[in-house]
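Worksheet: the structure to be examined is printed underneath.
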Amino acid sequence: MGYLIAFSTYFLALLFVSVNGKPLVPALFFFGDSVLDVGNNNNLPTIIRANFLPYGKDFVNHYPTGRFSNGKLVVDFASESLGFSTYQPAYLSLYFKGKNILNGANFASSASGYHNSTAKLFDTLTLGQQLEYYKDYQKQLMRIAGRLNASSIISGGIYIVGAGSVDFLMNYYINPCLNKFYTPHQFVDILVQNYADFIQNLYALGARRIGVVTLTAIGCFPTSINIFGSPDDDDKCVVEMNNVAVYFNQKLFLKSVNLRTMLPDLNLVLLDSYQPLYNLVNKPSEYGFSQTRQGCYTVFPHTPENTSSIFNDEKIFMLCPNASEFVFWDGFHPTEAANKFLAAELIAMATPLLN
């Protein structure tokens, strides 16, 4: 039933757009990590990339673009639902920007986070650097569209921010420079203050309609379960990690209330990604999925015990025959099928941004 409701929501959004014949907003802008990144890391000196197969095998032309999935991301479905005929491109890929930037741009960088050290560990873009590229975007937009039109695009566009997962999974929990000095709750407080600073800086640059994706159920990722789970838990979600995510989201909510009070005309909406993913993982059959505890695309070390699989000299790659049955594409990221469900949920929550 949940799957049908979500699909219906997404279908009605598409129908509404097609009737009006043009996008509901002038532009979309994205900031954050791999949940939103559509290829910026392809142009950075980082190992955190997805510009190779089988990533993108179910995307347009079966081509790997840098998206961490087999196909579309939530941002792609969001763009479609709002009536855009082309996706907002990765800003670093726009060598010849021109009119491509009139509908917005994507500044997200995989392995980024609210803590600057997260991106620096992997040579990706910090949120501050993403904001600097957005400033560059504004200058180009002024030249192409003119000051009046550019101002309308900037103030009327919707801005989506999503980060936090990498701060914990690829930084805090494995970084003694952090976890020996801060409790998880203390680290949350640091991240939430950094979030507030980012939103204020984005607001100062003209953003007024901002959707913020909350921290998802990070304890339910296959990688989290494999590394931090207990053998006695029978592959269940890591409760401690999920509790931290819930605490983070509570603090995020309180800080967002303060921001709305402080900043005139700010339309700031939190988009809950925790519960939809938690539901998918723990009740997969209700939503048309069968596999939640491993990714469709799995990479193993090359050992003598598993040489029967497809492999190169260093690693073994396992690929499932039907990604649509899997919630996760790899150890961290959802499949296109899961992204479609999550997008429907988030799009419904984001409707106040259209006011």
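The values are calculated or read from the model by the stated rules, or taken from the named source; none is laboratory data. Please read all numbers here as calculations on a predicted model, not as lab measurements. Cβ placement follows ideal geometry from the backbone for every residue including glycine, while neighbour counts extend to all protein chains displayed.
Of all residues in the stretch 171-201, how many are touching a helix residue (DSSP H, G or I) at 6+ places or on another chain (Cβ under 7 Å) and of a type in the set (A, V, I, L, M, F, W, C)?
8
Answer yes or no as to whether Ala108 is over 30 Å from Ala245 (Cα atoms), in contact with a Leu (Cβ under 6 Å, 6 or more places away or on another chain) and crowded, with 17+ Cβ neighbours inside 10 Å.
Working: over 30 Å from Ala245 (Cα atoms): no; in contact with a Leu (Cβ under 6 Å, 6 or more places away or on another chain): yes; crowded, with 17+ Cβ neighbours inside 10 Å: yes.
For Ala108, the condition - over 30 Å from Ala245 (Cα atoms), in contact with a Leu (Cβ under 6 Å, 6 or more places away or on another chain) and crowded, with 17+ Cβ neighbours inside 10 Å - is not met.
Filter the stretch 69-81 for residues that are surrounded by 23 or more Cβ atoms within 10 Å (Cβ to Cβ) and part of a loop (DSSP other than H, G, I, E, B); which is nearest to the chain's Cα centre (by Cα)?
Leu73
Scan the strands (runs of 3 or more DSSP E) fully inside the stretch 200-305 and keep the ones with 3 or more residues being of a type in the set (Val, Ile, Thr).
209-213
Counting only residues that are more than 20 Å from the chain's Cα centre (by Cα) and under 21 Å from Val75 (Cα atoms), which one in the stretch 139-173 is surrounded by the most Cβ atoms within 10 Å (Cβ to Cβ)?
Ile154
Given the structure, is Gln130 assigned to a helix (DSSP H, G or I) and either more than 18 Å from the chain's Cα centre (by Cα) or modelled with pLDDT under 95 (or both)? Quick ask: steps written out before the conclusion?
Working: assigned to a helix (DSSP H, G or I): yes; either more than 18 Å from the chain's Cα centre (by Cα) or modelled with pLDDT under 95 (or both): no.
In short, no.
Name the single residue, out of those in the stretch 273-317 being modelled with pLDDT of 90 or more and touching a strand residue (DSSP E or B) at 6+ places or on another chain (Cβ under 6 Å), that is surrounded by the fewest Cβ atoms within 10 Å (Cβ to Cβ).
The extreme case among them is Gln291.
What residue, among those in the stretch 88-105 that are assigned to a loop (DSSP other than H, G, I, E, B) and surrounded by 21 or more Cβ atoms within 10 Å (Cβ to Cβ), is farthest from the chain's Cα centre (by Cα)? Walk me through it before giving the result.
From the stretch 88-105, those assigned to a loop (DSSP other than H, G, I, E, B) are 88-89, 94-97, 102-103; that's our starting set.
Then drop every residue that is not surrounded by 21 or more Cβ atoms within 10 Å (Cβ to Cβ), which leaves 88, 103.
On the way: Gln88: 14, Asn103: 19 Å.
Filtering first and then ranking leaves Asn103.
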